[in-house]
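**Student:** This is the structure, below, for whatever I ask next.
The values are calculated or read from the model by the stated rules, or taken from the named source; none is laboratory data. What you see is a predicted model, and the numbers here were worked out from it, not measured in a lab. Reconstructed Cβ throughout: ideal geometry from the backbone, glycine too, with neighbour counts over all protein chains shown.
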Amino acid sequence: MMKLTDPDFLANPHATLARLRSHGPMTKIKIPLLGEMWFTTDDATTRAVLKDTDLFRRDTMAITGKSMVQNFWWAPKSIEPLMQNLVIRDDPDHARLRGLVDSVFARHSIEDLIPQITKIADDLLDKIAPNTPIDIVKSYTREVPFRVICHILGMSQKTTHKITKHIKPISSAAGIPSMLWAIVRLKPALSILRKEIKAARTSGQSGVIGDLSRAQAQGTEISDDEIVAMIFTLFVAGHETTVHLINNAIIAATDHPEMRGLRGAALDLAIDECMRYYSPVMMTKTHFVARDTDWNGVPLCKGDKVTAFLIAANSDPKRHDTPEEFRLDRRPNAHVGFGFGPHVCLGMQLARAEAHVTLERLFERFPNYDIIRGAKSPAPLKRLGLRGPKRLWLNLN
């Protein structure tokens with residue numbers, strides 16, 4: 001049986017993905033806690049699932065009669081507000097919530113942030129001793145997107161420090177017990193966040209927290225729980241996934257050293273290829289089938305769980321020429337690393353900008369870095385659905 005956290009699969013997934021495609025457009029895989037799920041195996045099916053929001057729903061209420069809270073009855077009551085986040089909502093609620101923050105993550109807004117991202121990257125690199133082995137994840141690649149999302153949200157330094165302490169177990173969770181413990185630990189984080197939101201209503205605080213708080217006070221349709229869920233989702237997703245794209249790109253630039261000399265649009269192409277080839281976010285959130293149907297030859301039953309297997313789509317030879325090859329100048333590169341359809345990644349432009357600046361500044365300052373092997377070799381993440389190193393020790397030379 002396939003295991004998504006198997007180091008052999010994560011190191012070289014192409015043979016396994018080709019085998020899955022030979023079984024048809026969807027195949028069943030058993031996932032801890034969730035049970036058997038249908039996984040898409042090719043690009044066309046992946047896009048079709050993500051586009052067909054009538055058949056494949058994010059919210060279970062209309063299908064099973066049970067809300068997300070009822071489905072996750074075992075979760076602490078204190079984290080129920082997180083079930084209000086836009087990632088697991090369908091339209092019109094999804095569109096309503098996303099519309100409140102879309103402009104913050106639009107291309108023009110992100111372009112205005114590039115000087116700030118560059119300053120954050122340079123400040124961090126200034127603190128690194130060049131002749132000392134260093135875990136670049138801890139010192140640099142995690143810190144850049146973390147500090148940027150805090151700036152976007154307008155989260156105070158004091159609040160950031162407190163919340164980080166409580167959500168840290170999520171980043172290090174490697175199995176079901178540790179993930180459940182991480183969820184339990186979220187209660188004080190949400191309490192701290194509520195206080196920050198309440199203070200922002202009258203403080204004139206800049207950033208998304210202040211904007212949403214004041215919009216609610218002026219009559220915009222968004223509940224207290226939806227604000228908490230929105231800020232928490234943006235805070236975690238805004239740095240937790242981007243770091244894996246950057247880390248994979250650092251590894252790619254070791255195997256393909258010419259990448260270190262790329263700038264501008266050429267570096268953007270290379271980053272997109274890293275997103276396709278490595279697929280740091282391998283799969284989407286669970287979808288639920290709305291009715292019994294025979295869909296592209298697959299017998300689906302109402303309530304069945306389906307996920308769009310992004311890494312399978314990104315290695316589909318019908319979409320990508322020789323997908324098992326890493327090509328710095330691949331064009332076109334119509335990957336689905338950021339998702340597809342109405343739920344396409346809200347922070348897509350931010351992730352691209354952060355990756356571009358973070359890599360460019362590293363290549364400028366330390367063009368001759370190399371990865372340390374042996375006891376400090378890159379160790380793969382054991383988080384379900386993510387692909388990348390949990391640590392990355394470098395000699396910066």
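**Student:** Pick from Val243, Val306, Val228: which is at pLDDT 95 or above, over 24 Å from His356 (Cβ atoms) and within 20 Å of the chain's Cα centre (by Cα)? Working first, answer last.
**Tutor:** Details: Val243 fails: over 24 Å from His356 (Cβ atoms); Val228 fails: at pLDDT 95 or above.
Step by step, each of Val243, Val306, Val228 is checked, and only Val306 is at pLDDT 95 or above, over 24 Å from His356 (Cβ atoms) and within 20 Å of the chain's Cα centre (by Cα).
**Student:** Report yes if some residue within the range 214-221 is out of contact with any Lys or Arg (no Cβ under 7 Å at 6 or more places or on another chain) and either closer than 22 Å to Pro380 by Cβ or buried (at least 24 other Cβ atoms within 10 Å of the Cβ) (or both); otherwise report no.
**Tutor:** Looking for residues that are out of contact with any Lys or Arg (no Cβ under 7 Å at 6 or more places or on another chain) and either closer than 22 Å to Pro380 by Cβ or buried (at least 24 other Cβ atoms within 10 Å of the Cβ) (or both), one finds none in the range 214-221, hence no.
**Student:** Sticking with this one: Would you mention how many residues in the range 76-89 are in a loop (DSSP other than H, G, I, E, B) and either modelled with pLDDT under 90 or among the polar types (S, T, N, Q) (or both)? Don't jump to the end; show me each part of the working.
**Tutor:** If we filter the range 76-89 for residues that are in a loop (DSSP other than H, G, I, E, B), which is where we start, we get 76, 85, 89.
From the residues that got through so far, the ones that are either modelled with pLDDT under 90 or among the polar types (S, T, N, Q) (or both) too are 76, 85.
Residues in the range 76-89 being in a loop (DSSP other than H, G, I, E, B) and either modelled with pLDDT under 90 or among the polar types (S, T, N, Q) (or both): 2 in total.
**Student:** Filter the range 140-162 down to the residues that are in a helix (DSSP H, G or I) and of a type in the set (Ser, Thr, Tyr), then identify the one that is farthest from Asp102 (Cα to Cα). Don't jump to the end; show me each part of the working.
**Tutor:** So the first thing to find is which residues in the range 140-162 are in a helix (DSSP H, G or I), and the list is 140-141, 143-153, 157-162.
Going one step further and asking which of them are of a type in the set (Ser, Thr, Tyr), we end up with 140-141, 159-160.
Values: Tyr140: 27, Thr141: 25, Thr159: 24, Thr160: 23 Å.
In this case the residue turns out to be Tyr140.
**Student:** Can I ask one more? Inside the range 1-33, can you point out the residues that are in contact (Cβ under 8 Å) with a residue 60 or more places away in the chain and not aliphatic (A, V, I, L, M)?
**Tutor:** Within the range 1-33, Thr5, Pro7, Pro13, His14, Arg21, Gly24, Pro25, Pro32 qualify.
**Student:** Is it the case, given these coordinates, that Ala200 is within 29 Å of Arg365 (Cβ to Cβ), touching a residue at least 12 places away in the same chain (Cβ under 8 Å) and either surrounded by fewer than 24 Cβ atoms within 10 Å (Cβ to Cβ) or more than 19 Å from the chain's Cα centre (by Cα) (or both)? Give the derivation first.
**Tutor:** Details: within 29 Å of Arg365 (Cβ to Cβ): no; touching a residue at least 12 places away in the same chain (Cβ under 8 Å): yes; either surrounded by fewer than 24 Cβ atoms within 10 Å (Cβ to Cβ) or more than 19 Å from the chain's Cα centre (by Cα) (or both): yes.
No, not satisfied.
**Student:** Restricting the search to the range 311-321, which residues are exposed (fewer than 14 other Cβ atoms within 10 Å of the Cβ) and without any contact (Cβ under 8 Å) to a residue 24 or more places away in the chain?
**Tutor:** Step one: filter the range 311-321 for residues exposed (fewer than 14 other Cβ atoms within 10 Å of the Cβ), giving 318, 321.
Hit for the range 311-321 is Asp321, nothing else.
**Student:** Same structure again: Check every one of the helices (runs of 4 or more DSSP H) wholly within the range 217-321 and list those with 1 or more residues that are farther than 30 Å from Glu364 by Cα. Before the answer, list the steps.
**Tutor:** Details: elements: 224-240, 242-255, 264-278, 310-313.
Of the helices (runs of 4 or more DSSP H) lying wholly inside the range 217-321, those with at least 1 residues that are farther than 30 Å from Glu364 by Cα span 224-240, 310-313.
**Student:** Here's another thing I want to ask about it. Restricting the search to the range 374-397, which residues are loosely packed, with under 15 Cβ neighbours inside 10 Å, in a loop (DSSP other than H, G, I, E, B) and more than 27 Å from the chain's Cα centre (by Cα)?
**Tutor:** Listed by number, the list holds a single entry, Asn397.
**Student:** Step by step: first the residues of the range 199-213, then only those that are of a type outside the set (Ser, Thr, Tyr) and at pLDDT 90 or above, then the one that is farthest from Gln84 (Cα to Cα). Which residue is that? If you could, list the steps in order and put the result at the bottom.
**Tutor:** Taking the range 199-213 as the starting set, the residues that turn out to be of a type outside the set (Ser, Thr, Tyr) are 199-201, 204-205, 207-212.
Checking which are at pLDDT 90 or above leaves us with 207-212.
Numbers: Gly207: 21, Val208: 17, Ile209: 16, Gly210: 19, Asp211: 19, Leu212: 15 Å.
That would be Gly207.
**Student:** Scanning for something surrounded by fewer than 20 Cβ atoms within 10 Å (Cβ to Cβ), β-branched (Val, Ile, Thr) and more than 19 Å from the chain's Cα centre (by Cα), does the range 116-127 turn up at least one residue?
**Tutor:** Yes.
**Student:** Just name the residue that is farthest from Ser315 (Cα to Cα) out of those in the range 11-40 that are surrounded by 20 or more Cβ atoms within 10 Å (Cβ to Cβ) and within 20 Å of the chain's Cα centre (by Cα).
**Tutor:** Applying the filter and picking the extreme gives Phe39.
**Student:** So Glu273 fits all but one of (1) within 13 Å of Ala355 (Cβ to Cβ); (2) surrounded by fewer than 16 Cβ atoms within 10 Å (Cβ to Cβ); what number is the exception?
**Tutor:** Going through (1) within 13 Å of Ala355 (Cβ to Cβ); (2) surrounded by fewer than 16 Cβ atoms within 10 Å (Cβ to Cβ) one by one, Glu273 breaks only (2).
**Student:** In the range 322-338, what residues are small (Gly, Ala, Ser), crowded, with 18+ Cβ neighbours inside 10 Å and out of contact with any strand residue (DSSP E or B) (no Cβ under 8 Å at 6 or more places or on another chain)? Walk me through it before giving the result.
**Tutor:** Looking only at the range 322-338, we keep the residues that are small (Gly, Ala, Ser), and these are 334, 337.
Those still in the list that are crowded, with 18+ Cβ neighbours inside 10 Å too: 337.
Of everything in the range 322-338, nothing turns out to be small (Gly, Ala, Ser), crowded, with 18+ Cβ neighbours inside 10 Å and out of contact with any strand residue (DSSP E or B) (no Cβ under 8 Å at 6 or more places or on another chain).
**Student:** Kindly indicate whether any position in the range 365-373 is modelled with pLDDT under 95, of a type in the set (D, E, K, R), in a loop (DSSP other than H, G, I, E, B) and more than 22 Å from the chain's Cα centre (by Cα).
**Tutor:** yes
**Student:** Does Leu4 satisfy being closer than 25 Å to Pro389 by Cα and either among the acidic types (Asp, Glu) or crowded, with 19+ Cβ neighbours inside 10 Å (or both)?
**Tutor:** Working: closer than 25 Å to Pro389 by Cα: yes; either among the acidic types (Asp, Glu) or crowded, with 19+ Cβ neighbours inside 10 Å (or both): yes.
It is true that Leu4 is closer than 25 Å to Pro389 by Cα and either among the acidic types (Asp, Glu) or crowded, with 19+ Cβ neighbours inside 10 Å (or both).
**Student:** Go through (1) surrounded by fewer than 16 Cβ atoms within 10 Å (Cβ to Cβ); (2) at pLDDT 95 or above; (3) farther than 30 Å from Lys119 by Cα and name the single condition Val344 misses.
**Tutor:** Of the numbered conditions (1) surrounded by fewer than 16 Cβ atoms within 10 Å (Cβ to Cβ); (2) at pLDDT 95 or above; (3) farther than 30 Å from Lys119 by Cα, the odd one out for Val344 is (3).
**Student:** Could you tell me which of the residues Thr254, Thr241 is in contact with an Asp or Glu (Cβ under 7 Å, 6 or more places away or on another chain) and either closer than 30 Å to Leu394 by Cβ or surrounded by fewer than 23 Cβ atoms within 10 Å (Cβ to Cβ) (or both)? If you could, list the steps in order and put the result at the bottom.
**Tutor:** Working: Thr241 fails: in contact with an Asp or Glu (Cβ under 7 Å, 6 or more places away or on another chain).
Result of the check over Thr254, Thr241: Thr254.
**Student:** When both residues are 6+ apart or on different chains and their Cβ atoms are under 7 Å apart, which pairs have a first residue that lies in the range 383-397 and is free of Cβ contacts under 8 Å to residues at least 24 places away in the same chain and under 24 Å from Pro13 (Cβ atoms), and a second that is crowded, with 19+ Cβ neighbours inside 10 Å and of a type outside the set (Gly, Ala, Ser)?
**Tutor:** From the range 383-397, no pairs qualify.
**Student:** For Thr5, only one of the following conditions fails: (1) within 26 Å of Val236 (Cβ to Cβ); (2) in a helix (DSSP H, G or I); (3) among the polar types (S, T, N, Q). What is its number?
**Tutor:** Going through (1) within 26 Å of Val236 (Cβ to Cβ); (2) in a helix (DSSP H, G or I); (3) among the polar types (S, T, N, Q) one by one, Thr5 breaks only (2).
**Student:** In the range 46-75, which residues are surrounded by 14 or more Cβ atoms within 10 Å (Cβ to Cβ) and part of a loop (DSSP other than H, G, I, E, B)?
**Tutor:** Passing the criteria: Asp52, Thr53, Leu55, Arg58, Asp59, Thr60, Phe72, Ala75.
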